[in-house]
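The values are calculated or read from the model by the stated rules, or taken from the named source; none is laboratory data. These numbers were taken from a predicted model, which means no experiment stands behind them. Heads up, the Cβs are rebuilt from the backbone with ideal geometry, glycines too, and the neighbour counts pull from every protein chain shown.
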Amino acid sequence: MAALDPIGPPRRASSWRSPRLRAWLLQAALLAAVLGAVALMFGNALDNLARQGIASGFGFLSQPAGFGIETTLIEYSETSSYGRAFLVGLLNTLLVSAIGIVLATVLGFVIGVARLSPNALIRGWAYAYVELIRNVPLLLQIFFWYFAVLRPLPGPREAISLFDVAFLSNRGLQLPKPLPEDGFGWLVAALALGVVAALLVARWRRDGAGRRWPWTLAALLLPPAAVVLAVGWPLAWSVPELSRFNFHGGMTLTPEFVALVLALSLYTASFIAEIVRAGLQSVRRGQREAALALGLPPRLVLRKVVLPQAMRVIVPPLTNQYLNLTKNSSLAAAIAYPDLVSVFAGTVLNQTGQAVEVISITMAVYLAISLAIAALMAWYNRRQALVER
Amino acid sequence: MNDVQEAVRFERVNKWFGRLHVLRDIDLSVRAGERIVICGPSGSGKSTLIRCVNRLEKHQQGRLLVNGVELTDDRKRTERIRREVGMVFQHFELFPHLTVLENCTLAPIHVRGMGRAEAEALAMEYLARVRIPDKAHSYPGQLSGGQQQRVAIARALCMQPKIMLFDEPTSALDPEMIKEVLDVMVELAASGMTMLCVTHEMGFAREVADRVVFMDEGRIVEAADPETFFSAPQSERARQFLGQILRR
Amino acid sequence: MDAMPPRRFDLLAWARTQLFSGPLNIALTLLGLWLLWLTVPPLIDWALLKAQFVGSSREDCGGEGACWVFVRVHLPQFLYGFYPEEQRWRVNLGVLLLALFALPLAWRRLRENVWVWVGLLVVYPLLAWWLFHGGLGLPEVETSRWGGLFLTLVVAGASMSAALPLGILLALGRRSSLPAVKAVCTVFIEFWRGVPHITVLFMASVMLPLFLPAGVDLDKLLRALIGVAVFAGAYMAEVIRGGLQGVPAGQLEAAKALGLSYWQQMRLVVLPQALRLVIPGIVNVFIALFKDTSLVLIIGLFDLLGMVQAAVTNPQWLGYAVEGYVFAALVFWLFCYGMSVLSRRLERRLNVGRHVPEDLA
């Protein structure tokens with residue numbers, strides 16, 4: 001048996017030739033070069049900006065904006081600050097992205113499954129949709145919907161009516177607006193309670209198939225039903241009505257908004273469809289066969305065996321598409337929808353001239369969103385990883 | 001003819017994959033409780049034959065009856081037959097996202113409508129029979145190949161089938177794990193289960209089979225009891241085949 | 001006596017299983033047919049039967065169908081932008097030369113030849129720059145006059161050529177064992193992938209001149225190309241990184257054991273395998289880049305979409321937006337769908353030999 005050497009292996013004297021030293025020198029040189037370049041660039045920028053008489057710093061955020069914004073989720077007027085304009089743009093971006101993500105996911109899943117349909121015609125239509133939409137630039141599709149479809153629509157007098165509660169014209173899409181009345185808050189709380197109760201019931205009654213649903217449904221609906229019985233139905237609607245030249249009442253979705261959401265949803269749905277299709281096809285054929293061999297009907301095979309495994313493959317690229325949609329919403333600048341880029345990196349930048357600050361803030365916002373979604377994805381992946389040796 | 005005693009009957013069954021004729025005029029009758037081992041060179045149609053029994057493959061000509069019921073395109077009928085026929089796959093095909101216990105209780109709960117407690121008791125019984133009850137809450141990825149295949153056998157048995165199909169159950173296993181799976185299959189045979197096994201394990205055939213069916217190029221070339229088949233094969237192809245695999 | 005196989009393609013049997021196999025299937029077939037009836041006849045009607053193809057001015061458009069006269073009249077702008085008419089032969093020659101330089105790639109032996117690649121990626125760009133821009137005997141045409149499909153191809157070609165080498169360097173850097181190199185590359189990649197592409201173009205267009213010492217003026221097209229190249233490289237880097245991860249570790253060890261230096265290991269053993277693994281991914285990045293060229297219109301360059309948009313919003317030709325967009329969509333679609341078909345063909349060809357046929361026993 002070898003004895004342990006009390007001293008240990010001899011230490012080599014380092015020299016210029018040592019690869020470790022060289023590696024450190026190389027890295028130091030790289031960092032110096034990068035930092036030096038950055039410093040040089042910023043120095044130049046400050047010089048150039050100073051020469052043009054443009055201010056520096058973030059003080060401009062509290063100055064009055066001096067311009068109006070057509071679509072706002074919060075209070076805003078020309079006297080609001082640039083900072084508030086930033087907030088309006090940001091909220092608009094998030095609004096468009098959220099709605100786009102929901103629509104794109106629903107449509108994408110439907111088309112993705114349709115790609116694998118046993119019906120040849122449906123398969124063909126799904127294929128045609130995907131190949132047509134994803135090979136045409138998004139900007140072109142936005143222009144198409146905005147300039148070629150929505151803008152040429154007739155005026156409010158000849159608006160297209162949808163069941164007399166919604167109207168489509170060149171002023172946009174008029175929809176009924178919900179007007180919460182007394183007790184609406186209670187209804188929302190009851191709904192939340194119902195969801196929690198339903199989840200608990202679902203977990204508790206895992207004792208067999210087909211026995212859960214009545215209980216879960218009851219748990220979900222009882223609290224809201226109780227509120228409605230006690231307080232009455234707390235929701236009224238303001239329906240758009242045509243008067244003289246335009247609509248009153250209801251809420252208006254501008255053509256810019258509709259075109260942007262439509263184009264983003266249709267475009268991203270085509271990518272999601274392919275991701276769903278690939279995910280479903282990634283499950284080994286043998287898994288499906290084993291489930292069938294046990295006598296499971298096809299819908300249970302899909303729900304219990306294929307889909308859970310497919311979702312593991314689907315979710316990472318799916319969230320990537322969500323990220324893309326959020327970034328692509330910045331194309332709103334091309335049709336003057338007031339999203340973050342359009343308002344902040346467009347109008348505000350033009351008025352103040354402080355390009356460095358404005359673009360840095362804009363990029364930082366998108367980076368924050370990207371990193372947040374990436375972190376969420378990493379957490380989800382760790383949770384879902386198949387347990388292995 | 002008393003059909004109830006007959007577990008499986010092939011009548012002039014033919015199947016093509018495109019232009020490839022993989023099953024040619026198959027005539028075979030399997031009695032209830034009989035153990036059949038199907039062997040032959042690769043490409044002979046052995047797997048396709050047993051996969052027709054639970055309609056994972058569809059035959060294009062001829063009649064195929066399982067427990068007296070003819071296999072047709074009727075989906076409901078196919079599902080009913082699949083409940084009576086259990087299958088064990090070469091690559092185990094356990095569901096990786098479910099525990100061993102959940103793998104076994106999935107079909108009893110959702111197909112036979114059993115309550116969860118009852119299904120779990122049944123599953124534990126079969127897991128004990130295949131000698132792996134302690135792994136009930138493990139995931140397939142945590143088990144060895146031999147363990148996974150034994151679980152696969154238990155999973156199929158949980159549906160309490162009348163016929164068990166085995167598609168090369170030990171071909172994907174490391175040598176030291178083959179025995180544990182074969183032991184389980186031998187015990188199963190002893191309990192009176194009707195079994196159709198595609199396998200290369202000739203020792204198992206000798207020990208357990210009532211009949212050995214030899215296939216070549218889609219045809220049943222020879223069918224005899226193991227004794228006769230191994231000592232005095234009638235056909236030249238069978239002799240060649242045995243010569244190749246029994247060299248050692 | 002062998003039984004007869006079923007007839008090769010039985011239309012009735014196919015229809016029975018694919019279209020009419022059950023009540024749900026029949027309903028879906030009816031839905032599919034209804035959608036066909038809704039879209040195809042009106043489309044053919046509008047685009048072909050009732051369309052105007054002949055004419056030279058707005059008066060010739062009048063019917064219900066598409067007015068392709070609009071496209072014909074503007075076709076030179078859509079193709080060449082503002083390039084002077086008498087110099088357009090230079091653009092045509094440039095495209096022809098590209099075909100000639102790329103032709104050798106059709107033969108496998110020539111694909112391995114370094115000089116073919118040098119010709120395509122170094123000699124041709126220089127030649128093309130001289131042809132398109134001028135100088136040294138040819139009259140100068142400023143880049144602000146480049147436009148239309150010509151500009152689209154220039155931006156796409158330049159960004160694709162830059163994306164690969166940049167992507168390879170970044171991918172290798174991100175996998176480096178030197179922490180500083182790895183950090184710099186990772187930050188670079190994640191930064192440019194995390195921000196919207198038009199903010200990158202804004203940055204290149206507006207901020208880049210600020211970062212340079214006063215007096216140094218960068219051509220607008222060059223600024224746009226730098227912007228596109230930067231995010232193209234970042235996306236490409238992630239695709240190539242996937243390929244590098246797919247090469248088995250044993251390959252690298254074998255290369256080291258043979259005594260090859262780091263760059264030789266990469267160039268001769270690892271990269272060829274890595275790139276082959278992710279060819280579909282690489283082509284996907286190219287397709288995305290091609291579509292992204294349309295973004296340059298937001299910073300004032302007039303690519304194909306930009307020229308169409310200008311023509312469509314021209315007060316003299318109002319009302320023909322659909323024709324213009326359909327034309328542009330068709331051109332983009334041809335290029336992108338063509339590239340994806342190529343990618344699938346490549347993928348299939350490279351997978352022969354990997355594919356294990358099903359055991360029919």
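Scanning the stretch C:309-342 for residues that are under 16 Å from A:Leu150 (Cβ atoms), over 23 Å from the mean Cα position of the chain (by Cα) and not β-branched (Val, Ile, Thr) yields a count of 3.
Rundown of residues vs (1) of a type in the set (Ser, Thr, Tyr); (2) over 30 Å from A:Glu274 (Cα atoms), yes/no style:
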| residue | (1), (2) |
| --- | --- |
| A:Val38 | no, yes |
| A:Ala45 | no, yes |
| A:Pro64 | no, yes |
| A:Thr72 | yes, yes |
| A:Phe109 | no, no |
| A:Ile122 | no, no |
| A:Arg134 | no, no |
| A:Pro156 | no, yes |
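For the stretch C:118-126, the condition of being farther than 29 Å from C:Val308 by Cα, within 14 Å of chain A (Cβ to nearest Cβ), in a helix (DSSP H, G or I) and not acidic (Asp, Glu) holds for none of the residues.
Answer yes or no as to whether B:Arg155 is crowded, with 19+ Cβ neighbours inside 10 Å and touching a residue at least 12 places away in the same chain (Cβ under 8 Å).
Taking the combined requirement at face value, the residue satisfies it.
Conditions (1) more than 14 Å from chain A (Cβ to nearest Cβ); (2) more than 23 Å from C:Asn314 (Cβ to Cβ); (3) of a type in the set (Lys, Arg), marked per residue:
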| site | (1), (2), (3) |
| --- | --- |
| C:Arg16 | no, yes, yes |
| C:Ser21 | no, yes, no |
| C:Leu48 | yes, yes, no |
| C:Glu64 | yes, no, no |
| C:Phe70 | no, no, no |
| C:Val73 | yes, no, no |
| C:Leu98 | yes, yes, no |
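What residue, of C:Val206, C:Val247, C:Val270, C:Val228, is more than 9 Å from chain A (Cβ to nearest Cβ) and under 25 Å from C:Trp146 (Cβ atoms)?
On the way: C:Val206 fails: more than 9 Å from chain A (Cβ to nearest Cβ); C:Val247 fails: under 25 Å from C:Trp146 (Cβ atoms); C:Val270 fails: under 25 Å from C:Trp146 (Cβ atoms).
The match here is C:Val228.
Filtering C:Leu153, C:Leu110 for residues that are over 22 Å from C:Ile226 (Cβ atoms) and among the hydrophobic types (A, V, I, L, M, F, W, C) leaves a single hit, C:Leu110. Any idea how many residues of the stretch A:246-292 are among the small types (Gly, Ala, Ser) and touching a strand residue (DSSP E or B) at 6+ places or on another chain (Cβ under 6 Å)? Adding up the residues that qualify gives 2. Determine whether C:Glu86 is assigned to a loop (DSSP other than H, G, I, E, B) and free of Cβ contacts under 8 Å to residues at least 12 places away in the same chain. Spelling it out, it is not the case that C:Glu86 is assigned to a loop (DSSP other than H, G, I, E, B) and free of Cβ contacts under 8 Å to residues at least 12 places away in the same chain.
Could you tell me whether any residue of the stretch B:131-144 is without any contact (Cβ under 8 Å) to a residue 40 or more places away in the chain, under 17 Å from the mean Cα position of the chain (by Cα), outside any strand (DSSP E or B) and away from chain A (no Cβ under 14 Å)? Step through it out loud before you land on a result.
Going residue by residue through the stretch B:131-144, those that are without any contact (Cβ under 8 Å) to a residue 40 or more places away in the chain are B:132-138, B:142, B:144.
Narrowing further to those that are under 17 Å from the mean Cα position of the chain (by Cα): none.
Within the stretch B:131-144, not a single residue is without any contact (Cβ under 8 Å) to a residue 40 or more places away in the chain, under 17 Å from the mean Cα position of the chain (by Cα), outside any strand (DSSP E or B) and away from chain A (no Cβ under 14 Å).
In the set (1) of a type outside the set (Val, Ile, Thr); (2) within 14 Å of chain C (Cβ to nearest Cβ); (3) under 26 Å from the mean Cα position of the chain (by Cα), the condition left unmet by A:Asn170 is number (3). Residue-level check: of (1) at pLDDT below 90; (2) within 24 Å of A:Val261 (Cβ to Cβ); (3) within 13 Å of chain C (Cβ to nearest Cβ), A:Val315 misses just (3). Pairing residues of the stretch B:108-125 that are crowded, with 18+ Cβ neighbours inside 10 Å with residues that are among the small types (Gly, Ala, Ser) and part of a helix (DSSP H, G or I), at Cβ distances under 9 Å and at least 6 apart in sequence or on separate chains, gives B:Pro108/B:Ala119; B:Pro108/B:Ala123; B:Ile109/B:Ala119; B:Ala119/B:Ala107; B:Ala123/B:Ala154. The number of residues in the stretch C:152-180 that are free of Cβ contacts under 8 Å to residues at least 40 places away in the same chain and touching a Leu at 6+ places or on another chain (Cβ under 6 Å) comes to 1.
One line per residue, one yes/no per condition, for (1) closer than 18 Å to B:Val186 by Cα; (2) not in a helix (DSSP H, G or I):
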site	(1), (2)
B:His97	no, yes
B:Thr105	no, no
B:Leu127	yes, no
B:Arg150	yes, no
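Could we say that C:Ser159 is buried (at least 20 other Cβ atoms within 10 Å of the Cβ) and among the polar types (S, T, N, Q) here? So C:Ser159 fits the description; yes. The number of residues in the stretch C:309-327 that are within 22 Å of C:Leu201 (Cα to Cα) and either of a type in the set (S, T, N, Q) or modelled with pLDDT of 95 or more (or both) comes to 1. Could you tell me which residue of the stretch A:276-311 is farthest from the other protein chains (Cβ to nearest Cβ), considering only residues that are surrounded by fewer than 18 Cβ atoms within 10 Å (Cβ to Cβ) and over 28 Å from B:Arg80 (Cβ atoms)? This residue is A:Gln281.
Restricting attention to the stretch B:192-240, the residues that are in contact (Cβ under 8 Å) with a residue 40 or more places away in the chain, closer than 20 Å to B:Arg24 by Cβ and out of contact with any strand residue (DSSP E or B) (no Cβ under 7 Å at 6 or more places or on another chain) add up to 2. Would you mind stating whether C:Val118 is of a type in the set (Val, Ile, Thr) and out of contact with any Phe, Trp or Tyr (no Cβ under 8 Å at 6 or more places or on another chain)? It is true that C:Val118 is of a type in the set (Val, Ile, Thr) and out of contact with any Phe, Trp or Tyr (no Cβ under 8 Å at 6 or more places or on another chain). Quick check: is even one residue across the stretch A:237-245 away from chain B (no Cβ under 14 Å), without any contact (Cβ under 8 Å) to a residue 24 or more places away in the chain and touching a strand residue (DSSP E or B) at 6+ places or on another chain (Cβ under 8 Å)? Looking for residues that are away from chain B (no Cβ under 14 Å), without any contact (Cβ under 8 Å) to a residue 24 or more places away in the chain and touching a strand residue (DSSP E or B) at 6+ places or on another chain (Cβ under 8 Å), one finds at least one in the stretch A:237-245, hence yes.
Identify the residue in the stretch A:366-389 that is buried (at least 17 other Cβ atoms within 10 Å of the Cβ) and facing chain C (nearest Cβ under 9 Å) and, among all such residues, is farthest from A:Val305 (Cα to Cα). Reasoning before the result, please.
Going residue by residue through the stretch A:366-389, those that are buried (at least 17 other Cβ atoms within 10 Å of the Cβ) are A:366, A:369-370, A:377.
Then keep just the ones that are facing chain C (nearest Cβ under 9 Å); that gives A:366, A:369-370.
Details: A:Tyr366: 37, A:Ile369: 33, A:Ser370: 32 Å.
The selected residue is A:Tyr366.
A count restricted to the stretch A:56-80 and to residues that are among the small types (Gly, Ala, Ser), closer than 29 Å to A:Asn44 by Cα and without any contact (Cβ under 8 Å) to a residue 40 or more places away in the chain stands at 2.
When every residue of the stretch C:213-220 is checked against the conditions, at least one turns out to be under 30 Å from A:Ala334 (Cβ atoms), more than 8 Å from chain A (Cβ to nearest Cβ), of a type in the set (D, E, K, R) and in a helix (DSSP H, G or I).
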